[in-house]
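Q: Can you read through this structure? Questions will come right after.
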Amino acid sequence: MALHGLAEVGIGVPDVAEAIGFYTEFGLEHRGDGRFATRDGGEQLRITHSPTRRLLGLTIAADDPDDIAAVAQRLTAHGITAHRHTDRVRAVEPVTGTPVTVAVRPRIAPDPPVPTTPYNGPGRIDRWGRAPFLTRTDRVRPRKLGHVVIGSTDLHTTSRFFTEGIGFRVSDHMGDRAAFLRCSVEHHNVLVMAAPVAFLHHTSWQVDDVDEVGRGAHAMLTDHPERHTWGLGRHFAGANFFWYLRDPAGTFCEYYSDMDTIPEDELWTPQVLEGVQGLYAWGPPPPPSFLEPDDLAALMTGAHSTRG
Ligand SMILES: [Fe+2]
């Protein structure tokens, strides 16, 4: 049938215990050995040791073995070695060296569906009395892994691997700076950004609504204000509410809600977004370290990541 989203991301970090503590607090369920589950998507994050922080692998979800065969065929046609089994195919993205697997996985859907959060408007009462989020006292728990952002020294080659090789669609471009790519109905599942070195910029995790974006970040920042990176804001490309935090190894992670969806390719026209327009519609200005993380120079020289 089709690709339908991200299944899993693997991240290497110098201090595994520290990362496990962070992502547990972030709201993912630690199932042991650095394997984390989301509320609806099962195990979607794998943390293992590596001398510097890095993206260790990405798994894309597909419906059935026919999809796997089609991906293997496309990769081979593009001169990329594909290791194919019945239910999965693995290849290495040639610029960043990221192992990418496409695997048969069930579609992620909350059961029962999450009810719409009511919000009042001028002349419109959709909820009475106190706001429903006030009764939410439990920790925010992300529903699923939404997207991963990869820095590449060759934006076009990496983008083409995902589009022509794996089968992603282009949702929008930021000129020669970034490409928003989707393998599901959501606006982006992989974003490739031009960078002086291959690195993992951020992972993004879906929560129920904007209150959960704010509530999640607030809880993470209460005792650790240094984790704050950028938010609360709303992106232009994808239109999602966002709040970015920094994990102990220096990789950003995002709570997001309400992203644009593209159920039919015909209903969407990709745009070329200029300057900061593509980056955000509103919110505080992004800190320079968001676009160029503090440890980029260290990653370029292969030194251990800067921590702090
Ligand atoms: Fe993001």
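What follows is calculated from the coordinates using simple rules that are stated; it is not laboratory data. Everything numeric in this text was worked out from a predicted model, so none of it was measured. Here Cβ is always computed from backbone atoms with ideal geometry, including for glycine, and neighbour counts include all displayed protein chains.
Q: If we count other beta carbons within 10 Å of each Cβ, what is the order of Met1, Met174, Met300, Met193, fewest first? Could the numbers behind the result be given before it?
A: Numbers: Met1 9, Met174 23, Met300 14, Met193 18.
Starting with the residue having the fewest Cβ neighbours, the order is Met1, Met300, Met193, Met174.
Q: Under 5 Å between amide hydrogens, which residues at least 5 positions from Thr153 or on another chain qualify, with H placed 1.01 Å from N in the peptide plane?
A: Ala195, Ala198
Q: Roughly what would the spin-label model give for Thr76 and Asn120, points 7 Å off Cα along C-beta, in nm?
A: 6.3
Q: Note the direction-averaged projected area, equal to a quarter of the hull surface, for the Cα convex hull of the stretch 143-283, in nm².
A: With every direction weighted equally, the projected area is 8.5 nm².
Q: Let me ask something else about it. Test of understanding: ordering Glu292, Glu25, Glu8, Glu212 by Cβ neighbours within 10 Å, fewest first, what list do you get?
A: Glu292, Glu25, Glu8, Glu212
Q: Find out how many positive minus negative residues lie around Glu274, taking Lys and Arg as positive, Asp and Glu as negative, among other residues whose Cβ is under 15 Å from that of Glu274.
A: That sum, taken over residues with Cβ under 15 Å, equals -1.
Q: Give me the compactness ratio for the stretch 50-149, meaning the Cα radius of gyration over 2.2 N^0.38 Å.
A: My calculation over the Cα atoms of the stretch 50-149 gives 1.67.
Q: Determine the calculated [θ] at 222 nm for the chain from helices alone, applying -39500 (n - 2.57) to every DSSP H run no shorter than 4 residues and normalising by the residue count; nearest 500 deg cm²/dmol.
A: -4500 deg cm²/dmol
Q: Let me ask you something else. Would you kindly derive the ³J(HN,Hα) couplings of the stretch 231-243 from the backbone phi angles with the Karplus curve 6.51 cos²θ - 1.76 cosθ + 1.60 (θ = phi - 60°), listing them in order in whole Hz, with x for Gly and Pro?
A: x, 6, x, 10, 6, 8, 6, x, 6, 6, 5, 9, 8
Q: Continuing with the same structure: Percent relative contact order of the stretch 189-308, based on C-alpha pairs within less than 8 angstrom and at least six residues apart?
A: That works out to 28 percent.
Q: Take the eigenvalues of the Cα gyration tensor for the stretch 12-69, scale each by 5, and report the square roots as semi-axes in whole Å, largest first.
A: Listed largest to smallest, the semi-axes of the stretch 12-69 are 25, 16, 7 Å.
Q: Okay, moving on. Quick one: which of 248-258, 162-172 comes out on top by average Cβ neighbours within 10 Å, and what's the full order, highest first? Spell out each step's value before the answer.
A: Working: 248-258: 23.0, 162-172: 20.5.
Highest mean packing first, the order is 248-258, 162-172.
Q: Separate question: Among Ala37, Ala7, Pro132, which residue has its Cα positioned farthest towards the positive end of the charge dipole of the stretch 1-134, with +1 placed on the Cβ of Lys and Arg, -1 on the Cβ of Asp and Glu, and the dipole taken about the Cα centre?
A: It is Pro132, whose Cα lies furthest towards the positive end.
Q: Considering amide H positions built from the backbone, and no H for Pro or chain starts, which residues 5 or more places from Ala2, or on another chain, come under 5 Å of its amide H?
A: Amide H neighbours of Ala2: Asp63, Asp64.
Q: Using just the alpha carbons, could you tell me how many Å³ per residue the convex hull of the stretch 193-238 encloses?
A: Measuring per residue, one finds 111 Å³ for the Cα hull of the stretch 193-238.
Q: Taking the stretch 122-183, how much of its Cα-Cα pair set, in percent, is spaced more than 13 angstrom apart? Before the final figure, lay out each step's value.
A: Working: 1401 of 1891 pairs.
Tail of the P(r) past 13 Å holds 74 percent of the pairs.
Q: Treat every Asp and Glu Cβ in the stretch 205-308 as -1 and every Lys and Arg Cβ as +1, leave all other atoms uncharged, and give the resulting dipole magnitude about the Cα centre to the nearest 20 debye.
A: Taking the Cα centre of the stretch 205-308 as origin, the dipole is about 500 debye.
Q: Do you know the relative contact order of the chain, to the nearest whole percent, from alpha carbon pairs under 8 angstrom that are 6+ apart?
A: Reported as a whole number, the value is 17 percent.
Q: Which whole-number percent of Cα pairs in the stretch 94-139 have a distance greater than 12 Å?
A: Counting pairs separated by more than 12 Å, the tail of P(r) holds 79 percent.
Q: Which whole number in µm²/s is D for the chain by Stokes-Einstein, with the Kirkwood Rh taken over Cα pairs at 4 °C and 1.567 mPa s?
A: Using the Kirkwood radius from Cα pairs, D works out to 65 µm²/s.
Q: Moving to a separate point now. Beyond 17 Å, what share of the Cα-Cα pairs of the stretch 196-272 remains, rounded to the nearest whole percent?
A: 51
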